[in-house]
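Participant: Structure incoming, see below.
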């Protein structure tokens, strides 16, 4: 019976093995290798979906980074860190924070919570860049 089911490609339908379209053509003795291939295919599909989403959302995040760079005279890296900090501190998706920041260019007000967190993140960033020991003399001008 098993040989007949294997020959017809229906063996996986009668087993407790994970049912994946690629497994239907697998013989019982090669089912482990087929499962591994199916998992690799699933991982690749997941990665493709994630990359497509990143391609759709990245331009808006880059625009928001540019807004922060222009507004606060930050480097691209620092502006992105501010954006991430605001996202984490407001418990808001990064894309949503980016949308809020970009919409301010069109005249819309920034939500109060986001505005406060942007100010706090920029202040913290600048404080970290400033030497904390004020007893040392200032560098010559």
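The values are calculated or read from the model by the stated rules, or taken from the named source; none is laboratory data. These numbers were taken from a predicted model, which means no experiment stands behind them. Here the Cβ positions follow ideal geometry from the backbone for every residue, glycine too, while neighbour counts run over all protein chains shown.
Participant: Test residue 102 against the stated conditions and say whether it is modelled with pLDDT of 75 or more, in a helix (DSSP H, G or I) and farther than 19 Å from residue 113 by Cα.
Facilitator: The answer is no for residue 102.
Participant: Please name all residue pairs, on different chains or six or more residues apart, with Cβ atoms under 9 Å, provided the first residue is in segment 50-69 and is at pLDDT 85 or above and the second residue is outside any helix (DSSP H, G or I).
Facilitator: Final answer for the pair search is 65/74; 68/74; 69/75.
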